[in-house]
Amino acid sequence: MKRARFNPGGPCIQPCLGLVLGCLALSGMVAANPHVAGYERFHAGAATVEGGAVLFSELGCASCHGGSPVVVPREGPHLVDLASRVDREWVKEFLKDPESGREGSSMPQMVHGLAAEEVDAVVTFLGSLGKGIKYKPDRHANAERGSALYHEKGCVACHAPTPDFQPPHGDGKLLVSPLAIPHPDLKKKTSLEALTTFLAAPSAYRPDGRMPHFPLDNQEALDIASHLMDFQASDPREAPSVKKWPAGDPEKIAIGKEIVTRLNCASCHTIPGVKAPALVALSGDTGTAMSHCLSEAPVAGLPHYRLDDGQRASLAAFLKGERPVTDKDGKLTLAAMNCYACHDRDGIGGPTVETNPYFVGDEGIGDSGRLAPPLTGIGHKLRRDWMEGVFAGAEGSRVRSYVKTQMPVYPAHAGALTEWLDRIDAKPDAIPLTEGKDDLEAGRKLLGIHGGVNCITCHNWGEKKSLGIAALDISRLDKRLRPEWFRSYLINPAEYRAGTLMPPLWPGGQSMVPDVLGGDTDRQIAAIWSFIRGGEGLPEGFPDRSSGLYEIVPADRAVIQRTFLEGVGTKAILVGFPGGISLAYDGDKALPALIWRGGFFDAYQTWYSRHAPFEKPLSEEIYPFPESAPAGAFRGYRVDEAGNPTFLLRDGKRELSESFSVVDGRLIRVLRWTGGEAPAIVHPAGVAVEATAGEGILTSIYTWK
């Protein structure tokens with residue numbers, strides 16, 4: 001059967017069609033033609049030189065013939081330590097028919113025409129490569145957490161989601177893109193420990209980056225592997241290992257090596273002891289190609305691809321046309337490496353309608369808070385050293401921590417990708433920034449909220465949180481950005497990212513702050529850059545928290561403040577009593593959670609931050625209550641004339657109330673109920689308790705030595 005095509009210029013794919021195609025992919029029904037997502041998405045509608053160029057790279061044609069314009073060469077996976085990683089029978093069947101291993105595999109048939117014992121010799125040789133992997137046993141796996149990571153880290157930008165996961169956006173229906181790259185039968189192919197090792201460092205086995213290297217720690221890799229292999233036990237040591245391969249006969253190994261050498265397998269794969277052959281020049285004769293590698297029937301000794309008519313025509317167009325030798329605008333490389341699955345560039349690419357619901361993050365800043373940034377002009381935007389650090393995975397290079405989808409790293413190709421983007425995006429005519437050495441203070445003012453353009457209202461400044469939404473830190477922009485890009489972006493942010501919440505602060509190049517630097521747009525932007533680069537102190541407008549201005553100090557009566565509190569949750573009700581005793585009540589569980597002595601609470605983040613973090617009491621002398629079952633359902637609270645709270649609960653049909661007050665340095669807790677036995681209550685450790693009981697009332701007095 002032919003795979004359905006994605007046509008960006010055609011009608012929308014109906015949800016039922018997407019679901020049917022996704023189910024076919026997940027069930028393993030075979031579609032014979034190789035699946036190259038970048039070709040399917042942008043070039044499958046008509047035979048073009050560009051589509052042929054993507055296939056020429058991604059099907060490995062360039063590995064034998066050279067001449068691919070794609071910047072990062074396509075490679076086959078490294079074949080060392082196969083016997084530790086992959087089941088032997090799976091390898092044998094995959095060599096005979098790559099479609100048996102993974103639907104849409106780009107691996108050609110190579111062993112057609114070989115006798116069964118010759119194929120076995122090849123497998124025996126491959127099993128002799130490497131010294132084997134000694135896996136370190138892990139002790140805990142969590143497939144449910146792995147499912148969340150798989151769907152949030154970015155895996156579903158390329159692969160199909162699993163039916164049991166509900167995306168955070170959309171209508172909850174399972175939509176599977178026809179572009180999704182199917183997984184092989186992982187249980188049949190490999191083991192949990194081997195898949196974990198691969199996911200933790202895929203570039204060790206797939207250095208060409210077609211399988212992106214996400215920065216996962218070993219626990220994350222194990223949990224994702226558990227999800228993919230449906231391993232539901234908690235102890236990964238219970239999972240079976242790859243079945244041990246039989247010892248290889250030296251004579252059979254030698255025969256296998258000779259066949260591998262003869263078939264030129266080292267053109268695509270790194271194989272110890274086998275040298276890659278010289279490139280074979282292309283004749284440009286499509287007729288010859290059609291009777292060789294592009295033929296519909298296998299030709300002995302040559303790779304055989306089960307191409308469909310469109311793929312064959314696209315490759316023919318590439319071979320007979322004026323072949324591109326470099327990727328001048330990025331479209332070929334980004335399509336080949338499937339970067340368009342997450343990013344758009346010049347209005348092309350980005351998440352599809354099926355994958356968009358899985359991109360999550362801080363939606364308070366719109367799509368900028370959950371989607372990968374555009375790659376439009378990225379080589380002009382970023383400094384070369386920073387860009388190379390991003391590709392290499394340098395520490396500190398991830399600046400959008402609120403976007404859950406992670407940028408993968410490409411350590412083997414960081415330099416080449418950086419040089420290429422720097423070259424194709426160069427703008428020698430960009431207007432430079434001219435900094436004035438006396439304009440630093442103007443930059444401080446412009447960044448702030450006192451007569452400036454209010455940058456700190458939305459952006460963090462180092463450790464200082466923004467006054468509103470939590471957009472990325474701007475205190476180190478000079479380490480990342482080129483100043484000439486910074487200038488053009490501030491004048492027209494929407495030109496770079498349509499729909500951004502970043503307003504045009506100099507619309508049409510005109511300043512909206514005429515009383516700073518005479519309203520000179522270029523001087524103002526340069527002053528902001530100068531302060532970011534070399535200014536000392538903070539932009540104007542951050543509240544002075546060192547003075548204790550936002551500390552709540554109960555004086556004549558108790559004070560109640562609701563907040564997010566660490567160790568309590570999002571429904572914490574804080575009560576500060578005069579005399580330095582405080583209480584945190586958990587409105588979710590309907591239980592007292594903490595008592596502390598000393599300072600009460602600093603309310604700055606709670607009052608002014610739109611994304612308030614979990615706060616802490618202003619004390620180190622904290623006494624938590626032990627975990628316990630709630631006495632009833634929380635129904636609010638009332639306060640008396642002194643501000644002391646009474647929390648109201650309901651347990652079935654009976655009413656309960658719990659009052660707190662402070663008298664002479666003692667915290668008094670009074671629990672009342674209507675009918676039935678006394679509710680069970682717990683007390684914090686480290687506090688002396690004096691308890692008295694009566695009819696429907698229990699009084700507990702807490703004191704300290």
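Quick look at the values:
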read-out	value
The lone exception for residue 327 - which of (1) in contact with a Lys or Arg (Cβ under 9 Å, 6 or more places away or on another chain); (2) modelled with pLDDT of 95 or more; (3) buried (at least 19 other Cβ atoms within 10 Å of the Cβ) it fails	(1)
Residue within region 342-359 that is among the small types (Gly, Ala, Ser), buried (at least 17 other Cβ atoms within 10 Å of the Cβ) and modelled with pLDDT of 95 or more present	yes
Residue in region 306-329 that is under 26 Å from residue 120 (Cβ atoms) and either in contact (Cβ under 8 Å) with a residue 60 or more places away in the chain or in a loop (DSSP other than H, G, I, E, B) (or both) present	yes
Members of region 222-262 that are over 18 Å from residue 194 (Cβ atoms) and either in a loop (DSSP other than H, G, I, E, B) or acidic (Asp, Glu) (or both)	232, 234, 246, 247, 248, 249, 251, 258
Matching option when the condition is within 26 Å of the chain's Cα centre (by Cα) and surrounded by 20 or more Cβ atoms within 10 Å (Cβ to Cβ), among 104, 76, 60, 52	104
Residue check, residue 618 in a loop (DSSP other than H, G, I, E, B), in contact (Cβ under 8 Å) with a residue 12 or more places away in the chain and buried (at least 17 other Cβ atoms within 10 Å of the Cβ)	yes
Verdict on residue 641 being over 17 Å from residue 555 (Cβ atoms), in the same structural domain as residue 677 (by TED's automatic domain parsing) and not small (Gly, Ala, Ser)	no
Residue in region 109-129 that is surrounded by the most Cβ atoms within 10 Å (Cβ to Cβ), counting only those that are modelled with pLDDT of 95 or more and under 38 Å from the mean Cα position of the chain (by Cα)	126
Selected residue (only one of 140, 159 is at pLDDT 90 or above and either touching a strand residue (DSSP E or B) at 6+ places or on another chain (Cβ under 6 Å) or within 18 Å of residue 408 (Cβ to Cβ) (or both))	159
Given (1) of a type in the set (Lys, Arg); (2) exposed (fewer than 11 other Cβ atoms within 10 Å of the Cβ); (3) closer than 18 Å to residue 83 by Cβ, index of the condition residue 252 fails	(2)
Hey, residue 660 modelled with pLDDT of 95 or more and part of a strand (DSSP E or B) or not	yes
Search result, residues across region 263-281 that are crowded, with 18+ Cβ neighbours inside 10 Å and either of a type in the set (Val, Ile, Thr) or assigned to a loop (DSSP other than H, G, I, E, B) (or both)	264, 268, 269, 271, 274
Hits in region 82-109 (condition: part of a loop (DSSP other than H, G, I, E, B) and in contact with a strand residue (DSSP E or B) (Cβ under 8 Å, 6 or more places away or on another chain))	97, 108
From the options 371, 375, residue that is in contact with a Lys or Arg (Cβ under 7 Å, 6 or more places away or on another chain) and part of a loop (DSSP other than H, G, I, E, B)	375
Meets criteria (surrounded by fewer than 18 Cβ atoms within 10 Å (Cβ to Cβ), out of contact with any helix residue (DSSP H, G or I) (no Cβ under 6 Å at 6 or more places or on another chain) and part of a helix (DSSP H, G or I)) for residue 288	yes
Residue satisfying condition, being modelled with pLDDT of 90 or more, touching a helix residue (DSSP H, G or I) at 6+ places or on another chain (Cβ under 8 Å) and aliphatic (A, V, I, L, M), within set 513, 559	513
Qualifying helices (runs of 4 or more DSSP H) (wholly inside region 127-212; at least 2 residues being closer than 12 Å to residue 228 by Cβ, hydrophobic (A, V, I, L, M, F, W, C) and in contact (Cβ under 8 Å) with a residue 12 or more places away in the chain)	143-152, 192-200
Considering residues of region 542-569 that are surrounded by fewer than 19 Cβ atoms within 10 Å (Cβ to Cβ), part of a loop (DSSP other than H, G, I, E, B) and touching a residue at least 60 places away in the same chain (Cβ under 8 Å) only, the residue farthest from the chain's Cα centre (by Cα)	557
Residue 631 vs. criteria part of a loop (DSSP other than H, G, I, E, B), out of contact with any strand residue (DSSP E or B) (no Cβ under 7 Å at 6 or more places or on another chain) and not charged (D, E, K, R)	no
Residue that is farthest from residue 630 (Cα to Cα) [pool: residues in region 660-693 that are surrounded by fewer than 18 Cβ atoms within 10 Å (Cβ to Cβ) and among the polar types (S, T, N, Q)]	692
Any hit, region 634-641, residues being surrounded by 15 or more Cβ atoms within 10 Å (Cβ to Cβ) and β-branched (Val, Ile, Thr)	no
Every residue from region 275-297 that is touching a residue at least 24 places away in the same chain (Cβ under 8 Å) and within 24 Å of residue 40 (Cα to Cα)	286, 289, 290, 293
Region 682-702, residues that are among the β-branched types (Val, Ile, Thr) and under 19 Å from residue 653 (Cα atoms)	697
Condition met for residue 654 (within 16 Å of residue 585 (Cβ to Cβ), in the same structural domain as residue 574 (by TED's automatic domain parsing), free of Cβ contacts under 8 Å to residues at least 24 places away in the same chain and not small (Gly, Ala, Ser))	no
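Residues checked against (1) of a type in the set (Asp, Glu); (2) in contact with a helix residue (DSSP H, G or I) (Cβ under 9 Å, 6 or more places away or on another chain):
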{"residue": "102", "(1), (2)": "no, yes"}
{"residue": "118", "(1), (2)": "yes, yes"}
{"residue": "125", "(1), (2)": "no, yes"}
{"residue": "130", "(1), (2)": "no, yes"}
{"residue": "144", "(1), (2)": "yes, yes"}
{"residue": "149", "(1), (2)": "no, yes"}
{"residue": "157", "(1), (2)": "no, yes"}
{"residue": "182", "(1), (2)": "no, yes"}
{"residue": "187", "(1), (2)": "no, no"}
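Residues checked against (1) more than 30 Å from residue 346 (Cβ to Cβ); (2) charged (D, E, K, R); (3) modelled with pLDDT under 95; (4) under 28 Å from the mean Cα position of the chain (by Cα):
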{"residue": "467", "(1), (2), (3), (4)": "yes, no, yes, yes"}
{"residue": "470", "(1), (2), (3), (4)": "no, no, yes, yes"}
{"residue": "480", "(1), (2), (3), (4)": "no, yes, no, yes"}
{"residue": "494", "(1), (2), (3), (4)": "no, no, yes, yes"}
{"residue": "498", "(1), (2), (3), (4)": "no, no, yes, yes"}
{"residue": "508", "(1), (2), (3), (4)": "no, no, yes, no"}
{"residue": "526", "(1), (2), (3), (4)": "no, no, no, no"}
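The values are calculated or read from the model by the stated rules, or taken from the named source; none is laboratory data. These figures come from a predicted structure and were not determined experimentally. A quick note on method: Cβ atoms are made from the backbone with ideal geometry, for glycine too, and the neighbour counts reach across all protein chains shown.
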